[in-house]
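Written out below as structure tokens is the structure these notes cover.
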Amino acid sequence: MIKEISTRRSTRSYNGKPVDKEKVLQLLEAARLAPSGKNSQPWNFVIVTDPNTKEQIAKADHNQMWMVDAPVFIVCVADVKRRNPDLVDVVVDENSPLPELKAVIRDTAVAIEHILLMAENLGLASCWTGWYAQADMRPIMDIPNDQYVVGVVTIGYTDNPPKPVSRRDLEDMVRYEKW
């Protein structure tokens with residue numbers, strides 16, 4: 001697994017080659033198996049391949065039009081009610097104070113990382129994007145106001161893989177027992 005971890009990069013250049021439905025299902029299966037607090041499994045996924053919808057998403061995502069060249073978008077959505085089913089008529093966005101929202105965002109982020117690593121394992125290029133407001137993103141796919149779009153993952157193939165990037169040394173970031 002260290003190979004996939006060390007070679008995975010955020011790709012913003014896709015060659016348009018279609019992605020097999022079976023590979024997309026493998027990505028989703030990897031996400032489904034992610035751990036979550038209280039085993040709440042708060043994630044849901046919207047698979048987007050329609051060019052018009054992809055364009056709307058790219059525009060909402062800070063006008064990142066490079067995204068539209070990826071044949072598949074996986075819109076990753078966190079459901080706060082999976083963590084607390086007693087919430088009624090809740091609206092979540094970037095300013096929501098709910099502790100449950102922070103928990104489901106964290107859990108869904110783990111599922112997204114599973115997608116990214118499985119994509120690398122399958123020879124697919126990917127990029128996790130998230131430069132949008134909930135109010136702009138949700139209406140595009142009819143996502144209810146009680147759901148939080150954690151990320152849009154672009155999936156495809158590239159002819160121009162990104163170059164390796166530098167990483168901090170372990171000695172620079174690890175402490176033992178205390179800060």
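Data table
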| item | result |
| --- | --- |
| Karplus 3J(HN,Hα) series, Hz, for region 164-178 with 6.51 cos²θ - 1.76 cosθ + 1.60 (x for Gly, Pro) | x, 10, 6, 10, 5, 6, 4, 4, 7, 10, 10, 10, 10, 6, 9 |
| For region 78-95, Karplus couplings with θ = phi - 60° (6.51, -1.76, 1.60), whole Hz, Gly/Pro x | 9, 10, 5, 6, 5, 8, 9, x, 7, 5, 10, 6, 7, 10, 10, 7, 4, 9 |
| Stokes-Einstein D for region 1-42, Kirkwood Rh over Cα pairs, 4 °C, 1.567 mPa s (µm²/s) | 99 |
| Solvent accessible area, Å² - Trp66, 1.4 Å probe, full protein context | 50 |
| Radius ratio Rg over Rh of region 132-176, counting only Cα atoms, Kirkwood formula for Rh | 1.22 |
| Inter-label distance, nm, simple model (7 Å from Cα along the C-beta direction), Asp142/Val88 | 2.6 |
| List Val88, Val46, ordered by accessible area with a 1.4 Å probe, largest first | Val88, Val46 |
| Fraction of accessible area attributable to carbon and sulfur, the chain (%, probe 1.4 Å) | 52 |
| Rh (Kirkwood; distinct C-alpha pairs) - region 49-151, Å | 14.5 |
| Isotropically averaged projected area of the chain, using the convex hull of Cα atoms (one quarter of hull area), nm² | 12.0 |
| Rounded if a/c under 1.5, otherwise prolate or oblate - region 15-105, Cα gyration tensor axes | oblate |
| Region 103-179: equivalent-ellipsoid semi-axes (sqrt of 5 x gyration tensor eigenvalues, Cα, Å) | 28, 22, 12 |
| Probe 1.4 Å, accessible area per residue of region 55-131, Å² | 45 |
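The values are calculated or read from the model by the stated rules, or taken from the named source; none is laboratory data. Fair warning: this is a prediction, and the values are worked out from it, not measured in the lab. Backbone-built Cβ (ideal geometry, glycine too); neighbour counts: all protein chains shown. Side chains are part of the model used for accessible areas, which takes the heavy atoms of the whole protein and leaves out ligands, DNA and RNA. Shrake-Rupley method; radii C 1.70, N 1.55, O 1.52, S 1.80 Å.
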